[in-house]
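Engineer: Below is the structure I would like to discuss, written out as structure tokens.
The values are calculated or read from the model by the stated rules, or taken from the named source; none is laboratory data. On a predicted model such as this, the values are computed, not experimentally measured, just so you know. Methodologically, a virtual Cβ is constructed for each residue, glycine included, from the backbone with ideal geometry; neighbour enumeration extends over all protein chains shown.
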Amino acid sequence: MLPKDFFKQFEAEYEIYRSQHAKGLIKFELPFDKPGYDTSLKGRKVVSFASNDYLSMLGRPEIAKAAKDAVDRYGTGAGSSMLGSGSLAIHRALSEELADFLGKESVVLFPTGYSAMMGFAAAHVMNGASVYSDAANHRSIIDGLKLGEGFLQDFSVTFVQHNALKSLESKHRKRLESQANYHLLYLEGVYSMKGDQGDLKTYLPYCKEHGLMTAIDDAHGIGVLGKNGRGTASEQQAESDVDFILGTFSKTFATTGGFVAGSKEALDYLRLLCGVYMFSASIVPANVQTARAVLEIVRKDDGPRQKLWSNIARLKKGLSQLGFDYGQSDSAIVPVYIRDTEKTLVLAHRLLESGFYVVAAIPPGVGEGEQLLRVSVNAGHTDEQIDRFLSTLEDHAKTLGQAGKEAS
């Protein structure tokens, strides 16, 4: 039996969920028939603008073959952690290939992107760092920072305003006299709701001058931005100035897993501190070989990335012509701001009924007044699919008196 106050902490948010769920406007874990942009739901064709498979690698037969061959050769799991017997030669090969791709000395592998971000953040706090986290950072980072704080019982984490150097300067000055062993700025390469990039060019000169280390979660940047998809640091010509690059295999790399790239000396030390790394089972061999196969394609063929950016440009041009606001997006994540919870949910619901799936982001996932449809663009989307999505979005938005030139 649930205690009386089980729902008390988030009662208001839960009531919103219950009321919208009763109307059929909030749905979890829809049973799609297959992943990716071209899917179906209960026998009805659906074009998904919610998949993070940015380069549309999920459906490529050579990628599936790499995974199948790995299962045939290695079986279905690794059987242990990376510090146990779960580190295979293919894990070492993936680490070395990825480090070379990103221009770093070493890579540590994690079972998921979430665990990489969380474990890395916790390890630095436990190591006595004063960490400055962008207020828009992903939940995995925040969870890791809080995990580290709980271990130390010492609040050494400071949140700075989104992409605001003055906020960092102010917060950093206040902590200069702290007992921190060092200072670390933790950003995202691409922010997962806003779709804008972390402003490395503005931050890095200050960090270099004042001795702050830098880390970026580039889950949504690698494969999309930079030379041959090397990510946000490459895009902003800052690869050598960023100390750590973190990422996931669940977007561009069409599987699951995560990693931290940096100097060999720093990562060898962090291996000993990071409980999330030490006590997690290693990435299964099929996922390792999938990531390696995708990385090989990405390094040799920039065509999928160029097609992705053509699709992004087409979508953004259409949204602008229709009068929709997509903020400062400069990535494959294009937010369509609705700024009203009910209208955002209704619009997403009607789009799904019309054969298009997008994620509706409402509080507490985003701030009040920032409600949006989170549109993820994939290389596989056709011009016809994008144009039809725009037309359908316009039609449904007009019925709600929302966005569009006639409603603005």
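Engineer: Which residue is farthest from His210 (Cα to Cα), if the candidates are limited to the stretch 126-179 and must be buried (at least 19 other Cβ atoms within 10 Å of the Cβ) and among the small types (Gly, Ala, Ser)?
Structural biologist: Ser140
Engineer: Moving on. Considering every residue within the stretch 294-306, establish whether at least one is under 14 Å from Ile386 (Cβ atoms) and either modelled with pLDDT of 95 or more or part of a helix (DSSP H, G or I) (or both).
Structural biologist: Looking for residues that are under 14 Å from Ile386 (Cβ atoms) and either modelled with pLDDT of 95 or more or part of a helix (DSSP H, G or I) (or both), one finds none in the stretch 294-306, hence no.
Yes or no, residue by residue, for (1) buried (at least 20 other Cβ atoms within 10 Å of the Cβ); (2) closer than 23 Å to Tyr269 by Cβ; (3) at pLDDT 95 or above:
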site: Phe49; (1), (2), (3): yes, no, yes
site: Glu62; (1), (2), (3): no, no, yes
site: Asp69; (1), (2), (3): no, no, yes
site: Asp72; (1), (2), (3): no, no, yes
site: Thr76; (1), (2), (3): no, no, yes
site: Gly79; (1), (2), (3): no, no, no
site: Ala89; (1), (2), (3): no, no, yes
site: Asp100; (1), (2), (3): no, yes, yes
site: Gly103; (1), (2), (3): no, yes, yes
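Engineer: Give the residues of the stretch 225-274 that are surrounded by fewer than 22 Cβ atoms within 10 Å (Cβ to Cβ), outside any loop (DSSP other than H, G, I, E, B) and out of contact with any Phe, Trp or Tyr (no Cβ under 9 Å at 6 or more places or on another chain), sorted by residue number.
Structural biologist: Lys227, Glu239, Ser240, Asp241, Lys264, Glu265, Asp268, Tyr269, Leu272, Leu273 - these are the residues of the stretch 225-274 that are surrounded by fewer than 22 Cβ atoms within 10 Å (Cβ to Cβ), outside any loop (DSSP other than H, G, I, E, B) and out of contact with any Phe, Trp or Tyr (no Cβ under 9 Å at 6 or more places or on another chain).
Engineer: Where residues in the stretch 360-391 are surrounded by fewer than 17 Cβ atoms within 10 Å (Cβ to Cβ) and not charged (D, E, K, R), which of them is nearest to Glu29 (Cα to Cα)?
Structural biologist: Ranking the qualifying residues of the stretch 360-391, first place goes to Gly365.
Engineer: While we're on this one: Can you name the residue in the stretch 57-91 that is within 24 Å of the chain's Cα centre (by Cα) and not in a loop (DSSP other than H, G, I, E, B) and, of all such residues, is nearest to Gly257 (Cα to Cα)?
Structural biologist: That would be His91.
Engineer: Could you identify the single residue in Lys317, Lys300 that is free of Cβ contacts under 8 Å to residues at least 40 places away in the same chain, of a type outside the set (S, T, N, Q) and under 22 Å from Ala93 (Cα atoms)?
Structural biologist: Lys300
Engineer: Can you find, within the stretch 1-19, the residue that is surrounded by the most Cβ atoms within 10 Å (Cβ to Cβ) among those that are among the hydrophobic types (A, V, I, L, M, F, W, C) and part of a loop (DSSP other than H, G, I, E, B)?
Structural biologist: Per the stated criteria, the residue is Phe7.
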